[in-house]
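The values are calculated or read from the model by the stated rules, or taken from the named source; none is laboratory data. These numbers were taken from a predicted model, which means no experiment stands behind them. When we count neighbours, we look across all protein chains shown, and the Cβ atoms used for this are built from the backbone with ideal geometry, even at glycine. Calculation scope for accessible area: heavy atoms of the full protein, side chains included, ligands and nucleic acids excluded. Shrake-Rupley method; radii C 1.70, N 1.55, O 1.52, S 1.80 Å.
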Amino acid sequence: MKQQGKNRLFIDEVRIKLTAGDGGNGCVSFRREKYVPKGGPDGGDGGNGGSIYFQATTKLHTLIDLKYHAHWIAPKGMHGSGNNRHGKNGKDLIISVPCGTIIRDWESGEILADLKENEQQFLAVKGGKGGKGNARFVSSTYQTPRFAEKGEKGEEKEFLLELKLIADVGFVGLPNAGKSTLLSSITSAKPKIADYPFTTLTPNLGVVSLPGYRTITVADIPGIIEGASEGKGLGHDFLKHIERTRVLLFLIDTGDPEPENTIEILEHELEAYSPVFNEKPKIYVFNKLDITENYNRFNKKIKNKKWKVPIFGISAVTGKGVKPLLNTIFHIVEEARNNEKDEPIPIETRYVYEAPFKIYKEPDGFRVEGKRVFRVLQMTDFENEEAVQYLQRVLTHMGLFRALKRAKAKDGDLIYIGDYEFTYSGDIISKDTSEYRNKKKHE
Ligand SMILES: Nc1nc2c(ncn2[C@@H]2O[C@H](COP(=O)(O)OP(=O)(O)OP(=O)(O)O)[C@@H](O)[C@H]2O)c(=O)[nH]1
Ligand SMILES: [Mg+2]
């Protein structure tokens, strides 16, 4: 878990690359039947490539698993085949992330999604569409198409996932009270524990899992002593890590001869650091009740006193009394969570209308930009004459030639679309990629 500089939160982040599956190619095929010299076209469509989604789940609490899997690739769609057989679709992949994961575009840093709710999904990269088989290009005037579409390429993109871990509960106590022991007994965190003061030097974070996927995150910080706010002991710098917690758990060694005084000292140190601590719900927890002397003391002298806040008696070592404590904490945390107003970040999942293209002037012609135009080009098999003719019709339909004419395109102008280069003449464009030209040069 990474802890960033002066940040008050624990931040977990991971860079991840996703490649969606390519669509399968459509197939060119003609039916073969006995006694029928030439059957109709029956080439099936290619299958769609698999997409990749992020999905929030309450079952995860960190991004650690993703750190070992930096590149995910969804399966491709299968190619179509004769007899109108569609290629199988590539299966979608779903990557589980903890609730609260923010998904950013790695390049721009822009927030694309904020997955808060359990099972909330975000489509991260879309699988390529399968190409249509030749059977789909039949029309009343066009009976024997000898071309098919190629599959569309799957999207590929890099993301930065970010998880802000705000501890729900902050442990406060003198050195040696048993804070780290309590953390290790209720979570899988493995903090250093020893019977000398100031064992904990840096904050530890752990996640408590209660039945029914309920969780509480807890932060264990170094012990605080009187004068910490003036720099005594390890100072008070660590308090920033529990400034945003929802509940404060004061842990007191029941062997402490003056627990009220200790609590007062702790509260004073917190207050001296920041007034926010005054507002937080608190719980006083008396620890080490496995020691008989402490147990008796708790029952005779402590339990029946009037305290400002709820108190509990536990043994962090044996676990006695910990369950009801956690349940109470969970309820306080839940209430605090419900009272928090969170501003939902709008997620762009709606369909946005996009003009098929835009045209820009270039010194020797025009550049056409637009996803839809680019997509049809990408799915065209330029080796196939009929496929190219079909492309002309699609582009005509999209209004590309009308628009070029309006932009005063002349015969011989170059038209750039993505990596492709065409030569314009009236209402046709012919492909003239640099790749193609280079090939010619070498021949
Ligand atoms: N008998 C008994 N000993 C405990 C209990 N909890 C903690 N201890 C002991 O108390 C000592 C200090 O425990 P830690 O968990 O390191 O205390 P801490 O509050 O994290 O101390 P700092 O990190 O120095 O602030 C260790 O020797 C623990 O074994 C308990 O419930 N019963
Ligand atoms: Mg400790």
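Would the range 399-412 turn up any residue that is surrounded by fewer than 17 Cβ atoms within 10 Å (Cβ to Cβ), closer than 26 Å to ALA148 by Cβ and in contact (Cβ under 8 Å) with a residue 24 or more places away in the chain? Yes. Taken as a whole, the condition of being under 30 Å from GLY44 (Cβ atoms), in a loop (DSSP other than H, G, I, E, B) and of a type in the set (Asp, Glu) does not apply to GLU117. If we keep just the residues of the range 166-185 that are away from ligand 2 (no atom under 13 Å from the Cβ) and part of a loop (DSSP other than H, G, I, E, B), which is surrounded by the most Cβ atoms within 10 Å (Cβ to Cβ)? Top of the filtered list is ALA167.
Where strands (runs of 3 or more DSSP E) sit wholly within the range 240-327, those with at least 1 residues that are aliphatic (A, V, I, L, M) and under 16 Å from LEU174 (Cβ atoms) occupy 247-253, 282-287. A residue that is under 28 Å from GLY100 (Cα atoms), small (Gly, Ala, Ser) and within 16 Å of ligand 2 (Cβ to nearest atom) occurs nowhere in the range 226-234. Within the range 198-209, if we keep just the residues that are more than 9 Å from ligand 2 (Cβ to nearest atom) and not in a strand (DSSP E or B), the residue that is surrounded by the most Cβ atoms within 10 Å (Cβ to Cβ) turns out to be PRO203.
For the range 30-78, filtered to residues that are within 17 Å of PHE137 (Cα to Cα) and part of a strand (DSSP E or B), the residue that is least open to solvent (accessible area, probe 1.4 Å) is PRO41. Only one of the listed residues (GLU162, GLU155) is in contact (Cβ under 8 Å) with a residue 12 or more places away in the chain, open to solvent by less than 70 Å² (accessible area, probe 1.4 Å) and more than 10 Å from ligand 1 (Cβ to nearest atom). That residue is GLU162. The listed residues are LYS129, LYS116, LYS192, LYS150, and the only one of them that is open to solvent by 50 Å² or more (accessible area, probe 1.4 Å), basic (Lys, Arg), away from ligand 1 (no atom under 16 Å from the Cβ) and at pLDDT below 90 turns out to be LYS116.
Annotation for the range 236-259: no member residue is surrounded by fewer than 18 Cβ atoms within 10 Å (Cβ to Cβ) and in contact with a Leu (Cβ under 6 Å, 6 or more places away or on another chain).
Across the range 210-221, the qualifying residues are those that are surrounded by fewer than 17 Cβ atoms within 10 Å (Cβ to Cβ) and in contact (Cβ under 8 Å) with a residue 60 or more places away in the chain, and the one among them that is farthest from ligand 2 (Cβ to nearest atom) is TYR213. Beta carbons closer than 7 Å, at least 6 apart along the sequence or on distinct chains, pair a first residue in the range 79-99 that is assigned to a loop (DSSP other than H, G, I, E, B) with a second that is surrounded by fewer than 21 Cβ atoms within 10 Å (Cβ to Cβ) and aromatic (Phe, Trp, Tyr) for ASP92/TYR53.
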